[in-house]
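Step one of this worksheet: look at the structure below.
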Amino acid sequence: MKSAADTPGKSLNTKKYEEQLLLKDRALSAAAEGITISDPRLPDNPLIYANEGFERLTGYSVADVIGRNCRFLQGPDTAAETVDVIREAIRTDTACTVQILNYRKDGAPFWNRLSVTPVRDASGVVTNHIGIQSDITAQKEAEDELQKAKKELESANAHMRQDLEAAAKIQRALLPEKPPEIPGLKVSWAFRPCQELAGDILSVFPVAPDLVALYVLDVSGHGVGASLLSVAVSRMLSPVPGRSMVFEDSKGTRPSTPVQVASRLNTHFPFDERTSQYFTLVYGLLDIKKSTFQYVAAGHPPPIVVPKDGAPLICETSGPPIGILPEPNFEEGLIDLGAGDRVVLYTDGIMEAESEEGGYFGQDRFTNNLRATRRVPLEDSVNSLITRVTKWCGDSSPQDDITLLAFEVNA
């Protein structure tokens, strides 16, 4: 009589099972990753299997590692915190994946992405741990270099930010500290750079008894280059005799006319093709006694007169920006002012302020706001306009500097 083990069906099942085991063994051996199996039921949880991928990865042969705990891969710079994560996962029979610095047999370090997974029998008892190792040294080094570059960039950016803030403070220091205290005159202004540094700048200062100089200039472009040029020009327009273009003599006794100032600036700041920078300017002299404002607008938006009674008037102007032409023809304008009249000098950043829908603030809204606030104090009128422009832009900041200088005579 044949036993059950000798039956053809049983033999076929056994052979098929053995073939499946051989296939799995060949698959483990052929895997590119290092694969190990340990037995936690044995003392010190030793390795009972290692594939060829593990040999290639670590330099250890299978004979070197069977029967040993895999901690032999650790070395002097292996993070203790990472080792603790692995130990805790094994202690609690849970899976874990870590990046750990290990060492090959020749002592060379390498970064290992190690995953440890418990294997349970039919009753749920953990019988083995499978470890899968992948060499991620190149990836880790690339990540470290990226982090290093990021830190260096953040440091450089912080230094740049500090430099920009310092430069912005210097630029703001060139603005008037407070309006000049001159009987019969009120002055107010607003200065809103679209970036840390502005290409706009303004000033107001007396140049003789009852004669006050006022100007607003706008350098093309934004940022550091525009700011440097605006600072250089403002130094030439300072009220300090001997180095200023606002006087004909070195002692500061004869104020230059607006056309003379524009012509001298044009000679001193010719258009530079390398930077493509130029600037526009409105410069004027207010005669307090005569109640006249003599001005030149070089490629700049013209002054707006806001009478005590009546609609705002946009003055006529002509003349190219400073430095564009070698011998330009600058023309002077003259405004006769009555008691309570206002004059507004400004840059085009106000009209060109853009809403989120793409519409411009425009000239009409500008002049309408000036007229609507004519009865309020000058400073309140200026602040109201800046508030309107800011609200017009919505959540997006203005894309250009916004500068405004206004004065009222016989106030």
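Every read-out reported here was derived from the displayed coordinates using simple, explicitly stated rules and does not represent laboratory data. Since this is a predicted model, take the numbers as computed values, not measurements. Reconstructed Cβ throughout: ideal geometry from the backbone, glycine too, with neighbour counts over all protein chains shown.
For each pair in Lys308/Lys391; Lys178/Lys308; Lys151/Lys391, compute the distance between the two Cα atoms and list the pairs where it is over 32 Å.
From the list (Lys308/Lys391; Lys178/Lys308; Lys151/Lys391), the Cα-Cα distance tops 32 Å for Lys151/Lys391.
Restricting everything to alpha-carbon atoms, can you work out Rg to Rh for the chain with a Kirkwood hydrodynamic radius?
For the chain, the value is 1.43.
Exposure proxy check: Met236, Met351 ranked by fewest other beta carbons within 10 Å?
With the fewest neighbours first, Met236, Met351 line up as Met236, Met351.
In the range 344-409, which trypsin sites (Lys or Arg not before Pro) are in a loop and have at most 16 other Cβ atoms within 10 Å, using DSSP for the loop call?
Sites meeting the loop and neighbour criteria: Arg375.
Fewest first, what order do His268, His300 take by the number of other Cβ atoms within 10 Å?
In order of increasing Cβ crowding within 10 Å: His268, His300.
Thinking of the range 31-135 as a set of Cα atoms, what percent of all their pairs are more than 15 Å apart?
More than 15 Å apart: 61 percent of the Cα pairs in the range 31-135.
Only Cα pairs under 8 Å and at least 6 apart count here; give the relative contact order of the chain as a rounded whole percent.
Contact order relative to length: 12 percent.
Between Ile402 and residues 5 or more places away or on another chain, which pairs have amide H atoms under 5 Å apart, with H built 1.01 Å from N, and which residues are they?
Close amide H contacts, sequence-distant or interchain: Arg192, Cys194.
Can you sort Ser381, Ser115, Ser123 so the residue with the fewest Cβ neighbours within 10 Å comes first?
Ser123, Ser115, Ser381
Given the rule -39500 (n - 2.57) for each run of at least 4 DSSP H residues, summed and divided by the residues of the chain, what is its mean residue ellipticity at 222 nm, to the nearest 500 deg cm²/dmol?
That calculation yields -11000 deg cm²/dmol at 222 nm.
Which aspartates and glutamates have a Cα lying under 16 Å from the Cα of Lys140, excluding residues fewer than 8 positions away in the same chain?
Asp77
Counting pairs of Cα atoms in the range 178-409, how many percent are more than 33 Å apart?
The answer is 13 percent, as a whole percent.
For a quick check, take a GNM of the chain with Cα springs below 10 Å and name the residue from Val204, Val233, Val116 with the largest mean-square fluctuation.
Maximum among the listed residues: Val116.
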